[in-house]
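Values in this text are rule-based calculations from the coordinates and carry no lab data. For clarity, every value in this text was computed on a predicted model and none was experimentally measured. Don't worry about glycine lacking a Cβ; one is built from the backbone with ideal geometry, like all the others, and counts go over all protein chains shown.
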């Protein structure tokens, strides 16, 4: 296993445990592997699977695949940005939502589609996407993570 592969493995373990890669873990991995923290950060930022900030309580995966794209995924993204005040890769100020754009969710017949905490929501319109997010927010009584 080369150096980058072993760093990836360690980063995967840390993210599985924490949901993201805390800064102190970057330094720990760097010390363990005998490399600079910049090297570990470079590996972590190269792969889109890794998060360097704590995700929200609810993870929204918005499909940007071909079927969703042609069925207005960009309109759904704009609606979510308006409702949550965040773009892709960001977490809402209340800590309730993180929005990620993904290449495909494998639910093409439901396009446009988003997945929240493993539940697929399909045949979206901008208003339907906003309504789903509001319902989740209301079920959390406005409390953050």
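Annotations for the structure displayed:
- Of all residues in segment 104-118, those that are loosely packed, with under 11 Cβ neighbours inside 10 Å and under 16 Å from residue 80 (Cβ atoms) total 1.
- In segment 34-49, the residues that are touching a residue at least 24 places away in the same chain (Cβ under 8 Å) reach residues that are surrounded by 11 or more Cβ atoms within 10 Å (Cβ to Cβ) and outside any helix (DSSP H, G or I) with C-beta atoms within less than 8 angstrom, at least six apart or across chains, in these pairs: 44/21; 44/50; 44/52.
- Residues of segment 63-103 that are crowded, with 16+ Cβ neighbours inside 10 Å and in a helix (DSSP H, G or I): 67, 68, 73, 76, 77, 79, 80, 83, 84.
- Taken over segment 119-134, the criterion of being surrounded by 14 or more Cβ atoms within 10 Å (Cβ to Cβ) and touching a residue at least 40 places away in the same chain (Cβ under 8 Å) is satisfied by 124, 126, 129, 130, 133.
- Segment 36-62, residues that are in contact with a strand residue (DSSP E or B) (Cβ under 6 Å, 6 or more places away or on another chain) and outside any loop (DSSP other than H, G, I, E, B): 58, 59, 60, 61, 62
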